[in-house]
Structures are given as structure tokens and as C-alpha cells.
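Below: one structure, written as C-alpha cells.
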Amino acid sequence: MNVTIEEAGPCKKVLKFEISKETIESEFEKKTVEVCDTAELPGFRKGRAPRKLVEKRFGPHIKDEVKQSVVSDCYQKTLEEHKLNPVGNPKFGEIALEMGKPLTFDVTLEVWPSFEVSQYKGLPLKKKSAEVTEDDMRKALTDIASRKAQLTVVKDGNVQRGDQIICDCIIEVDGNVVLEDEDIEVLVTNGVEVAHTTIPDFVTKLEGTRSCETRNIDVKLSQHFANEEYRGKEAKLKLVVKEIKRLLPPEMNEDFAKTLSFHSLDDLKSHMQKRVETDKKRWVEDDLKNQILDILLDQTKVELPQDFLSYHTDQRVYKHQLDLLNRGVPLEEIQKQTEMIKSASAESVMRELKASLIMNYIAEKEKILVTENEVEQRIASIARAYNTDTMRARKQLERQGNLSYLRSDMREGKVMNLLIKEAKIAE
């Protein structure tokens, strides 16, 4: 076997193979003998058919077996000898086997990058204060009140973003009324649909309107408009606002605290104080971790396999688009955002992948491992959180293919704990 390895870009290599005709003939002989020993042909006992008859009957099958066997063996040996660590699936060029000639073929593959992390112990970090401020408590209490907000009629006020309005709708094309509808409910948000037509800047058009006022909006009727004759035409949309409803939070008092099963307002505030303290400590810890990643990413040059990166970016974009669709965002608006979503996803995936590679490098360097006992304890913790048994939780993780991700996450957690312990932290 003769192999040459060519660089084809960041983390991409092309392996060019030439396998001698002697190797092919030897493997063909071996496979032919195996088939002769097991072949059953009419008029002959098993394994007794003449070789020429077997070759005539099973020749194409034997050649395919030879090709698969030789290609697989040579590829695996090359990976081991040259210490290549592939990522993703290799791409094999055309493989044409002709007896009496050497077999040549190419394989294009991406590999994990080689790099060094110059320093990861004693990193300089700044620890933010975990003290709970009055603003923190005010925001926490406002948030909990907002979750109990009720839709209330605004008797004397103007339309604001997020309001729910009851209105009559009239659509005119060239001065002719083509649609009338009464008492329709519309949420005041951008990208809302009225009469199957999306209005991108709806908030700007409606904000400040009072009850019984009329707003005229220029629109282009969509291809889903009820009357097919007017689809795609320029039109005037008249909205007569009849009622404004707004989510208003309850007053923060003793009665409100009791609706949340607390004895008093002070009891609610005490509970929220503890929650905010816990959240803020977690926020401080997360900030330290982000500082560590920023330093390591900044000082470590890592080239990433581009095909692998593109695949995961596309997956991230697809998932984000699906989330937007499920939330009711119009398809046209999602398409407008696609490039922005793709750019943000590519940056996010790149950061996550680089960070994971660096953490894995440190784990190898420091010989940090995750034991099966530790994995079982984590699975038991997950099972308790979801009120199920450990065996069911494990099977669910295995079925979703997430067990390896769990181990990797636990290992990275151990690495991060080491880096924080070794860091030079200024309060």
C-alpha cells in the first residue's frame, strides 16, 4: 500500500491510496476460497462446485467483498499509523476495481485540530459582588407580580405595545369595500396578522390610539386573503378601536402575598430574598466561568473543521427557525432574519466547539476522568428532578443519545472547578 496525505484546508486532508495488484489478487484468492467452501450450486454438494463455475456465478459479489475489505483495512491502518482523528463522515471518491491492476482511490476527511494551551492555571479573574440590592428585590417582586397580571379594560388611555384591542375592520381597494369584520381581537405587536395579511410595523401605526378612534393603514393584501380577486393588491385597512385591554399586575400587598400561599408580605419578601441570593451567587459563578473561557479562547489559536462547523450551524439555524414558527412568527419575517440567525448561530457554535476542545485538552493534560459511579449519581439526580426512577432516566438518555454528552458535560465541569480553584481571583 502506498499512501500520500495532502492538506486541503483547515483540518481537512485528502488521503490518496494506491494498493498493489498483488494485494488485490491475494485478497481475491482468499475470498474466492471462502465462497467455494460454502457455495451451493445445482447438481453439486455444498462446497464441491468447480472453482470456475463459482467464479462465474459469484465473481461480481467476490469483487465487491474484496473492494470493501481492502479499502476498509487500508483506511483504518492509515488512520492508526498517522494518528489521524477524524470528525464527521469521510468522503470516498470513485473506487473502480479491475483485476490485474493496482487499486487507486481518494478519501477526503476532516480531523480534530492540534493545538497547545499555553496557560490555564493562575488565570486573573474579577469576582463580582453577590450582594442583593434594593433594585434586585424590586425587579424580583415586579416579575412575580407580572406573572399574575390580569387582562383589564383600559377606560381612559392610549394603545400601547402588548395591549389587546377589540376593533372593527374595514378593507378597501380602489375605494371599494372588499371586507368588513366586527369585534375582532388583535394583539398590538409587530408582525401581527389582520385579515390574513401581515403588518410588520403594526405597533408604530397603532400606538397612541384612543378608544373610538380610527386608524388608516396602507397594506398589501397577502396571497391568503379571503377574496382571491384582490390578493397581492394595495389596500387601505381601517381599524376602529372599540376597547383596549392590558395586562395589569396586582398591587404588592398582604392580600397578594396570601394568594401565593404566604402568611404575609414580609414572608413573601423573605422567600424572594433567599431566591435572589441563590440566583445571584449562580450568576457570579457563571461570570467567573465566562471570564475563564474568554481568556482561554483569546490566547489559544484553534482552527476548526469547516464542514463539521457548517453542519452544526445549519442544524442550529433550522432549530431556531422551527422555534420561531412554533411561536407564530410569519414565514416572511423568519426569512428576513435568516442571515442574521445564521451569523449568530455560526459564532455561537464556533465558540462552543472551541471551548469544548480546550476543556478536553486540559482534561487530558490533568488526567481528569468521570467515573461510572459519578455518572450514576448524576442520573439519579436527574431522575429525582423529573420524579421518575433511575433506570427509566438512564434508558431515556441512551435512547436520545445523550449519555455521552452527559459524561462530557460532567468532565468539563470538573475541569472548570479546577481552573476556578487555581485562578487568582480579585474580589
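Worth a mention:
- Split the accessible area of the range 324-368 by element, probe 1.4 Å, and carbon with sulfur accounts for 52%.
- Note on K52: aspartates and glutamates with a C-alpha under 20 Å away, same-chain residues under 8 apart excluded, are E25, E27, E29, E34, D37, E40, D64, E65, E98.
- The charge dipole of the chain, taken about the Cα centre with unit charges on the Cβ atoms of Lys, Arg (+1) and Asp, Glu (-1), comes to about 1560 debye, rounded to the nearest 20.
- Along the chain, the exposed loop sites are chymotrypsin sites (Phe, Trp or Tyr not before Pro) outside DSSP states H, G, I, E and B with at most 15 other Cβ atoms within 10 Å, and the longest stretch free of them is 116-385.
- Length available on full extension from L260 to V177: 0.36 nm per residue minus the Cα-Cα distance, which gives 24.8 nm.
- All lysines inside 18 Å of K233 as judged from Cα atoms, apart from same-chain residues fewer than 8 positions distant: K220
- Spacing of the two label points (7 Å from each Cα toward its C-beta) at A226 and K242, in nm: 1.5
- Projecting label points 7 angstrom from Cα along Cα→Cβ for A96 and E193 puts them 5.4 nm apart.
- The share of alpha-carbon pairs in the range 195-242 lying farther apart than 14 Å comes to 52%.
- Given K365/K421; K289/K319; K30/K83; K128/K301, the pairs whose alpha carbons are separated by over 21 Å: K289/K319; K30/K83; K128/K301
- A run of the chain free of exposed loop cleavage sites, with trypsin sites (Lys or Arg not before Pro) counted only in DSSP states other than H, G, I, E and B and at most 11 other beta carbons within 10 Å, reaches its longest extent at 156-300.
- Based on the convex hull around the alpha carbon atoms, the chain presents an average projected area of 36.7 nm².
- As computed over the range 169-306, the Cα convex hull volume per residue (Å³): 252
- The range 287-371 - accessible surface per residue (Å², probe 1.4 Å): 62
- Here the range 366-398 and the range 1-71 have alpha carbon centers that stand 45 Å from each other.
The values are calculated or read from the model by the stated rules, or taken from the named source; none is laboratory data. Please read these numbers as outputs of a predicted model, since none were measured by experiment. Positions of Cβ are generated from backbone atoms using ideal geometry, with glycine treated the same way; all protein chains shown enter the neighbour counts. We work out accessible area using only protein heavy atoms, side chains counted, and drop any ligands, DNA or RNA first. Shrake-Rupley method; radii C 1.70, N 1.55, O 1.52, S 1.80 Å.
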